[in-house]
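Since the structure comes first, as structure tokens, the remarks are kept for the end.
The values are calculated or read from the model by the stated rules, or taken from the named source; none is laboratory data. Here the structure is a predicted model, which is why all the values come from computation and not from measurement. Reconstructed Cβ throughout: ideal geometry from the backbone, glycine too, with neighbour counts over all protein chains shown.
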Amino acid sequence: MKISLPFVLITASLAGLCQPAAAQIDLSGTWVGTGQEGELLLGDFTGIPYNAAGRARGYSYSQSQLSEPERVCLFYTQTQLFNGPFGLKISKQTAPGSDKVISWTLGGWEDRAPMIIWVDGRPQPSKNAPHERTGYTTGHWEGDTLVSYTTHMKAGYLRRNGSPHSDQATMTMHFLRHADLLILAAEFDDPVYLTEPLYWSRSFRATRNAVEMLDGPCIQGDEGVPEGAVPHYLPGKNPFVDEMNRVFHIPVIASQGGAETMYPEFRKKIKDTFVPVERCLTCGGRGGPPAPPAAPPAPGAPAPPR
């Protein structure tokens with residue numbers, strides 16, 4: 001029997017519709033980060049498109065805020081996914097009596113609450129709904145990529161050095177799996193502190209080894225800051241504004257952040273003011289070449305100050 005080409009194409013198309021949906025890609029399992037955290041100096045806003053309000057809020061931050069009794073056990077927001085040192089444990093939840101996935105859960109860390117990504121079509125809550133550190137996240141599949149959208153986060157930090165974000169911030173993430181490699185790519189928007197979106201990416205690799213998440217209960221303790229006090233710096237009083245310059249010779253204009261610091265062209269603007277660092281200034285004996293020996297003093301010269 002002779003079969004026409006249009007019939008073959010229609011049959012193939014219908015067969016494609018009967019194949020398992022791309023949403024059947026399994027993200028569950030244990031994943032370990034493939035990279036390490038970089039140096040986190042206070043006042044380093046390089047690459048963050050801050051406006052004046054975001055920069056001012058960041059410079060008011062004191063690391064001692066983490067020692068307030070009210071904040072000792074306070075979670076970071078979900079931005080910590082891209083800045084924390086831990087891996088991921090991802091699990092899926094199905095509808096009772098069915099294999100239909102209704103949500104994915106990214107397990108919590110000691111300083112980040114779990115993230116639940118609802119993929120059952122439920123809407124985002126009202127803009128007036130309570131904001132939490134966990135945020136509220138919905139998701140859908142675009143081909144073989146899970147796309148999630150997080151809203152309703154409390155004000156928090158983009159980096160663990162006081163780089164702020166507001167409670168109006170949102171985060172869109174793409175989960176891309178390639179065999180044993182999982183890539184998270186995110187767009188972060190904040191109409192209060194950012195002039196344009198901030199983009200992140202982080203890679204994880206599947207592992208069968210146990211990955212410690214340190215997600216046990218937090219026990220509040222006295223860390224030296226009295227209850228009711230909020231350590232902070234007044235405008236113009238933050239002593240760490242020029243720390244990136246003192247340690248790595250990065251010009252202050254770069255560490256202040258801003259949209260232009262996100263792009264390679266910014267290097268041309270600062271190249272005449274950048275002095276390369278000859279040796280590691282923060283290794284503390286844990287790496288980097290040793291300091292060159294001091295030249296002997298000239299005869300009759302006074303002893304150098306201590």
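Go through the stretch 62-82 and count every residue that is more than 15 Å from Pro114 (Cα to Cα) and touching a Leu at 6+ places or on another chain (Cβ under 9 Å).
Count: 5.
Being among the small types (Gly, Ala, Ser), over 10 Å from the mean Cα position of the chain (by Cα) and within 18 Å of Trp31 (Cα to Cα) is the filter; apply it to the stretch 67-94 and report the residue that is surrounded by the most Cβ atoms within 10 Å (Cβ to Cβ). Outline the logic, then answer.
In the first step, residues of the stretch 67-94 are kept if they are among the small types (Gly, Ala, Ser); the result is 67, 84, 87, 91.
If we keep only those that are over 10 Å from the mean Cα position of the chain (by Cα) too, we end up with 67, 87, 91.
Then drop every residue that is not within 18 Å of Trp31 (Cα to Cα), which leaves 87, 91.
Numbers: Gly87: 20, Ser91: 14.
Out of the qualifying residues, it is Gly87.
If I go through the stretch 33-55 residue by residue, how many of them are modelled with pLDDT of 90 or more and surrounded by 15 or more Cβ atoms within 10 Å (Cβ to Cβ)? Even if it seems obvious, please write down each step before you answer.
At the first step, the residues of the stretch 33-55 found to be modelled with pLDDT of 90 or more are 44-55.
Subset that is surrounded by 15 or more Cβ atoms within 10 Å (Cβ to Cβ): 44-51, 54-55.
Total satisfying the criteria: 10.
Of the conditions (1) modelled with pLDDT under 90; (2) farther than 29 Å from Gly47 by Cβ; (3) in contact with a Lys or Arg (Cβ under 9 Å, 6 or more places away or on another chain), Gly97 clears all except one; give me its number.
Status for Gly97: all satisfied but (3).
For the stretch 156-179, give me each residue that is over 15 Å from Trp104 (Cβ atoms), surrounded by fewer than 22 Cβ atoms within 10 Å (Cβ to Cβ) and at pLDDT 95 or above.
Ser166, Asp167, Gln168, Thr170, Thr172
Taking into account only those residues within the stretch 240-285 that are part of a loop (DSSP other than H, G, I, E, B) and among the aromatic types (Phe, Trp, Tyr), which is modelled with the lowest pLDDT?
Step one: list which residues in the stretch 240-285 are part of a loop (DSSP other than H, G, I, E, B), which gives 240-242, 249-251, 256-258, 263-265, 271-285.
Filter once more, keeping what is among the aromatic types (Phe, Trp, Tyr): 240, 263, 274.
Working: Phe240: 89, Tyr263: 93, Phe274: 81.
That would be Phe274.
Would you confirm whether or not the stretch 197-206 contains a residue that is exposed (fewer than 11 other Cβ atoms within 10 Å of the Cβ), within 23 Å of the chain's Cα centre (by Cα) and modelled with pLDDT of 90 or more?
Start the filter on the stretch 197-206 by keeping residues that are exposed (fewer than 11 other Cβ atoms within 10 Å of the Cβ), which leaves none.
No, the stretch 197-206 contains no residue that is exposed (fewer than 11 other Cβ atoms within 10 Å of the Cβ), within 23 Å of the chain's Cα centre (by Cα) and modelled with pLDDT of 90 or more.
Inside the stretch 32-71, can you point out the residues that are in contact with an Asp or Glu (Cβ under 7 Å, 6 or more places away or on another chain) and part of a helix (DSSP H, G or I)? Show your work before the answer.
Of the residues in the stretch 32-71, the ones in contact with an Asp or Glu (Cβ under 7 Å, 6 or more places away or on another chain) are 41-43, 49, 67, 69.
Listed by number, the list holds a single entry, Ser67.
Provide a single number: the residues in the stretch 124-176 that are of a type in the set (Gly, Ala, Ser) and over 16 Å from Leu74 (Cβ atoms). Please lay out each step first, then the result.
Just the residues of the stretch 124-176 that are of a type in the set (Gly, Ala, Ser), to begin with: 126, 129, 135, 139, 143, 148, 155-156, 162-163, 166, 169.
Remaining after also requiring over 16 Å from Leu74 (Cβ atoms): 126, 129, 139, 143, 148, 163, 166, 169.
Summing the residues that are of a type in the set (Gly, Ala, Ser) and over 16 Å from Leu74 (Cβ atoms) in the stretch 124-176 gives 8.
Give the residue that is farthest from Ala206 (Cα to Cα), with candidates limited to residues of the stretch 89-110 that are among the charged types (D, E, K, R) and in a strand (DSSP E or B). Even if it seems obvious, please write down each step before you answer.
Looking only at the stretch 89-110, we keep the residues that are among the charged types (D, E, K, R), and these are 89, 92, 99-100, 110.
Right, trim to in a strand (DSSP E or B) and you get 89, 92.
Details: Lys89: 10, Lys92: 16 Å.
Per the criteria, the residue is Lys92.
Do you know which residues across the stretch 106-132 are among the basic types (Lys, Arg) and surrounded by fewer than 18 Cβ atoms within 10 Å (Cβ to Cβ)?
Listed by number, the residues that qualify are Arg122, Lys127.
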